[in-house]
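Peer 1: This is the structure I have questions about; it appears just below.
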Amino acid sequence: MRACVLLLVVSGCTWVYDAQYDDRAAELEAARTEFLPANDRVQFMTADRDRFYWVSLEKPLDEPLLHAVRPDPDPQIEMESRVTFEATRGQTDIAEFHFSNTYVLECDFNRANLYDAVNGIVATTDQASSVCAIDAGTTSYFLVNRELRRWDGTPTAPVTLMQLDDAGVGDGSIGGFGVLGGSPLLVEGGRLWRLDIGGKTAEWLENESPAQGLVVFDERGVLYDSNDGVKYTQFSDHATFSLEDAIADGGYRLSSQQPDIHLLADDGAYTLYGRYVIYRGQRGIFAYGLDTKKVTDLLLDRGESFETKPHYVFPTVTSNGSLFVLDKGFSSSDIGPVYRVELSDRLR
């Protein structure tokens, strides 16, 4: 249930120089470090729990290649955790793979392949589907003809867990599917459902605005796009609020010349980290506190125009608080470094 975000060119925008803004941008840049150089030409980034994944273009043939690392305060431990999934070299659909904290799952029709970095494909099943997800380790899930199956990544066939029809799930098209901690979340006809595997039941989250586009969730709630803007729904009581409205009321104001830089950008880039929403604003990367109800700036774009870099996109966060962002211009070839910010130093 992850999605790549298409960044659209914003025309007709102007930028007014603001010394206060420039000073704040410099202050925030002091807390960032370069994680990957621009010549790695990173195309895609994601994370699962404590593992960060990225796809680079490898010379001389510009072949996509998947890498991963577990960020750690000890540079030696982090370096030893860095791996390359050589079996993915040249595959153009890596962004459509599914990622756990240890393995990678590729699904295509009724076939699924499980990868690790050392051995490439380590397991395969032909009782899968293209609607799939991977939880911790090798545990994978498939929706096959409205039947939920679980596979442990061994030669043993997947086992049937429940039937969506018996659980009362509607018959709309499946628009998204993910699993966290053994609890699946499903988008059916825009409706959000939590599946209880043990009880073989389904709970509709009563979302009035049909979910679409990017959907992210954790143990407490789900964040999703809709025709009415980005919404957050809490699992415990189905309480829902507008993220755009919450950000507007979040008390952030850097200067009178730039009153809207923290508002959610149209590209819809956002993720969850603990009790924070990390998102792409109009002019940088920001955090909204689900408990504090406050907005915090993390990185600010630079320059005298919207085409000038750094322009931070694709905010990606690991469970231990390492934020990764790509410095990317508006053209497909204008790719800069990947920067890193430790959120433990910024969000307390």
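The values are calculated or read from the model by the stated rules, or taken from the named source; none is laboratory data. Just so you know, these numbers come straight off a predicted model, no measurement behind them. When we count neighbours, we look across all protein chains shown, and the Cβ atoms used for this are built from the backbone with ideal geometry, even at glycine. Side chains are part of the model used for accessible areas, which takes the heavy atoms of the whole protein and leaves out ligands, DNA and RNA. Shrake-Rupley method; radii C 1.70, N 1.55, O 1.52, S 1.80 Å.
Peer 1: Look through the range 183-204, keep the residues that are surrounded by 19 or more Cβ atoms within 10 Å (Cβ to Cβ) and among the aliphatic types (A, V, I, L, M), and return whichever of them is farthest from Asp267 (Cα to Cα).
Peer 2: Ala202
Peer 1: Determine which single condition Val179 fails, assuming it passes every other condition in (1) in contact (Cβ under 8 Å) with a residue 40 or more places away in the chain; (2) more than 29 Å from Val230 (Cα to Cα).
Peer 2: Of everything listed in (1) in contact (Cβ under 8 Å) with a residue 40 or more places away in the chain; (2) more than 29 Å from Val230 (Cα to Cα), Val179 misses just condition (2).
Peer 1: Continuing with this model, one more query. Of Thr316, Thr233, which residue is at pLDDT 90 or above, open to solvent by less than 20 Å² (accessible area, probe 1.4 Å), more than 30 Å from His67 (Cα to Cα) and in a strand (DSSP E or B)?
Peer 2: Only one candidate passes the filter, namely Thr233.
Peer 1: Checking Ala265 against (1) under 30 Å from Ile174 (Cα atoms); (2) at pLDDT 95 or above; (3) open to solvent by less than 20 Å² (accessible area, probe 1.4 Å), which single condition isn't satisfied?
Peer 2: (2)
Peer 1: Take Asn110 and decide whether it is among the polar types (S, T, N, Q), in contact with a strand residue (DSSP E or B) (Cβ under 9 Å, 6 or more places away or on another chain) and closer than 12 Å to Pro158 by Cβ.
Peer 2: Spelling it out, Asn110 is indeed among the polar types (S, T, N, Q), in contact with a strand residue (DSSP E or B) (Cβ under 9 Å, 6 or more places away or on another chain) and closer than 12 Å to Pro158 by Cβ.
Here's the yes/no breakdown for (1) part of a loop (DSSP other than H, G, I, E, B); (2) over 27 Å from Phe235 (Cα atoms); (3) of a type in the set (Lys, Arg); (4) open to solvent by 10 Å² or more (accessible area, probe 1.4 Å):
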| residue | (1), (2), (3), (4) |
| --- | --- |
| Ser129 | yes, yes, no, yes |
| Thr154 | yes, yes, no, yes |
| Gly172 | yes, no, no, yes |
| Gly176 | no, no, no, yes |
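Peer 1: If I ask for residues that are small (Gly, Ala, Ser) and in contact with a strand residue (DSSP E or B) (Cβ under 8 Å, 6 or more places away or on another chain), which ones from the range 132-165 would you list?
Peer 2: Matches in the range 132-165: Ala133, Ser140, Gly153, Ala157.
Peer 1: Considering only the range 41-101, give the strands (runs of 3 or more DSSP E) lying wholly within it that have at least 1 residues that are surrounded by 15 or more Cβ atoms within 10 Å (Cβ to Cβ) and small (Gly, Ala, Ser).
Peer 2: Qualifying strands (runs of 3 or more DSSP E): 44-48, 51-58, 63-69.
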